[in-house]
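After the structure tokens below, expect a handful of questions from me.
The values are calculated or read from the model by the stated rules, or taken from the named source; none is laboratory data. Given the structure is predicted, the values throughout are model-derived calculations rather than measurements. Cβ coordinates were reconstructed from backbone atoms using ideal geometry, including for glycine residues, and neighbour counts include every protein chain displayed.
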Amino acid sequence: MSSVRRFAADRDGDYRWDAVDLLRYKEEGSAPFKDITRQVLFSQPDQATELRYFEIAPGGYSTLERHQHTHPY
């Protein structure tokens, strides 16, 4: 069973998901990107399912990606 995740301001006024680790988007050098974070809000490994929240900081960028497969990370 999953839990409710709250999106709230921290002490600095930045918004984050409560009790969710802030992760790097990808390994450096794997694709052209800048200033992106990833947070896994829900994971159900037996069904190969995850709900992720990505945030691109001002001035950051990513590539356009389309996949027909699940991701291993």
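Please note which strands (runs of 3 or more DSSP E) are completely contained in region 1-62 and include at least 3 residues that are among the aromatic types (Phe, Trp, Tyr) and modelled with pLDDT of 85 or more.
49-61
Could you list, in sequence order, the residues of region 35-73 that are closer than 26 Å to Arg5 by Cα, loosely packed, with under 10 Cβ neighbours inside 10 Å and among the hydrophobic types (A, V, I, L, M, F, W, C)?
none
Let me ask you something else. Exactly one of (1) more than 16 Å from the chain's Cα centre (by Cα); (2) surrounded by 11 or more Cβ atoms within 10 Å (Cβ to Cβ) is unmet by Pro32. Its number?
Going through the list (1) more than 16 Å from the chain's Cα centre (by Cα); (2) surrounded by 11 or more Cβ atoms within 10 Å (Cβ to Cβ), Pro32 breaks only (2).
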